[in-house]
Amino acid sequence: MAMNVGSGGDEDEPMMEINTTPLIDVLLVLLVMLIITIPLQTHAIKLDMPQAVTLEKQEEPTVVQLGVDEYGLVSWNGEELSDITALEAKFAGVAEAVPQPEIHLRPNRMVEYDHVAKVLAAAQRIGVTSIGFVGNEQYID
């Protein structure tokens, strides 16, 4: 604690300096309490990393071109599908194949994300694991 001994002047004058030591002590205690009470932030993201494969002669996987136009209509290798059940039937055939064909999803620039999300959800629900976006250069502006 700090102590003002006086400057040898008149004793009746009020002291003009504020004793900041108690204020600093209180702030340090509050800072320590804040540090202790903040929970540790842990961010975990589940990633399915690719497995290592041997470099033996491998077949080129078949590629399925899956498109979603600006109206939300889905096409499978250029053939327009009528509804989501037809798409799920195609996904079921892909999920059963060994090795699974690669699905290249090419959404139109003007399509609402809801339509693309439904396609991705159907693929995940059926068990399709090899799906990727192509044509991303259309979004560069």
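If you go through the range 1-49 and pick out every residue that is closer than 30 Å to I131 by Cβ and at pLDDT 75 or above, you end up with 2. Here the range 50-69 is the region considered, the condition is being among the aliphatic types (A, V, I, L, M) and at pLDDT below 75, and the residue that is surrounded by the fewest Cβ atoms within 10 Å (Cβ to Cβ) is L55. Among the residues of the range 71-104, those that are within 19 Å of A117 (Cβ to Cβ) and free of Cβ contacts under 8 Å to residues at least 12 places away in the same chain comprise L73, S75, L81, D83, T85, A86. Condition check for A89 on (1) more than 24 Å from the chain's Cα centre (by Cα); (2) buried (at least 16 other Cβ atoms within 10 Å of the Cβ): one failure, at (2).
The values are calculated or read from the model by the stated rules, or taken from the named source; none is laboratory data. Keep in mind that this is a model prediction, so the values were computed, not measured. Neighbour counts are summed over all protein chains in view; Cβ atoms, including those assigned to glycine, are modelled from backbone coordinates with ideal geometry.
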